[in-house]
Amino acid sequence: MSKTIRIFRDTLTMTERCLILSKRNIDTFLTSFILPALMMVLFVYVFGGAMNVGDSSYVNYIVPGIILQCIGQCASTTAISVSSDIKNGIIDRFCTMPIIKSSILSGHVIGALLRNLLTTIIVIAVAFVVGFRPTANLLEWLIVIVIVLLYIVTISWISVFIGITANSSEGAGAFSVIVIILPYLSSGFVPVETMPKILKIFSEHQPMTPVIESIRMLLLGKPLNTDTLLIATIWCLGLTIAFYFLSSKAFINKIAK
């Protein structure tokens, strides 16, 4: 059997394991599927009436921010899962088996990707119920899907690294605080022009703002700023590559001990 086939087979097996564990974990169910719906309803009906975002309705404006925030909340599940595997010794057992070691991490990432895709679908479905009316054509929807997939992979590899390096599962779970707060410190929920100067500068130059702006422009059928899309892509690719290698190195060091 060729190495490529072995990698594919072992990754598929590890992905299936991660999904089974997620299905058995009620906390994962609540975080991944119920919370996104609640977040959308909360922001639209509690805060929507007080927000002025120009010529767009508030529900149309916040959908990209809610998507990124819910992906961030799901990221803690990945970090905790990786940390738990290391702490309970199952990784050591896997390493004694004739499997490709990299498939262990890849399985977590692909499992996270599938969970987050379902979360994104739920967010968009609930958004339609509460008044979301995108004007994107098929090509624009496809670009949105690519951006979301790239962002999920980025966050997932960061989560894997946090899970490997954290001293406890609780510490790994704390990672979600960062990726939940960052969408608030972006253009996800209010225009950056309304923020104080220092916060405005930070919001304009942090990774989530170009991702959110790109998704928003595509969904609402506005002219796409190619510079914004390029910056979003560079941020995601750069962080993905960096944390893929950091995770791989940390994992090798961890199983070598």
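Okay, here's what the table says:
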read-out	value
Hits in segment 186-202 - residues which are in a loop (DSSP other than H, G, I, E, B), surrounded by fewer than 17 Cβ atoms within 10 Å (Cβ to Cβ) and either in contact (Cβ under 8 Å) with a residue 40 or more places away in the chain or among the hydrophobic types (A, V, I, L, M, F, W, C) (or both)	Pro191
Among residues of segment 225-236, those that are open to solvent by 80 Å² or more (accessible area, probe 1.4 Å) and in contact with a helix residue (DSSP H, G or I) (Cβ under 7 Å, 6 or more places away or on another chain), counted	2
Yes/no for Asp85 being among the charged types (D, E, K, R) and open to solvent by less than 10 Å² (accessible area, probe 1.4 Å)	yes
Tally of residues being under 24 Å from Ser57 (Cβ atoms), of a type outside the set (Asp, Glu) and at pLDDT 85 or above across segment 192-224	16
Residues of segment 203-237 satisfying the condition of being part of a helix (DSSP H, G or I), over 22 Å from Gly48 (Cα atoms) and without any contact (Cβ under 8 Å) to a residue 12 or more places away in the chain	His205, Thr226, Asp227, Leu230, Ile234
Residue ranges of helices (runs of 4 or more DSSP H) in segment 50-136 with at least 2 members of a type in the set (Gly, Ala, Ser)	58-87, 102-129
Residue among Val160, Val177, Val211, Val148 that is surrounded by fewer than 18 Cβ atoms within 10 Å (Cβ to Cβ) and among the β-branched types (Val, Ile, Thr)	Val177
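The values are calculated or read from the model by the stated rules, or taken from the named source; none is laboratory data. Since this is a predicted model, take the numbers as computed values, not measurements. Note that each Cβ is placed from the backbone with ideal geometry, even for glycine, and that neighbours are counted across all protein chains shown. In case anyone asks, the SASA skips ligands and DNA or RNA and just uses the protein heavy atoms, side chains included. Shrake-Rupley method; radii C 1.70, N 1.55, O 1.52, S 1.80 Å.
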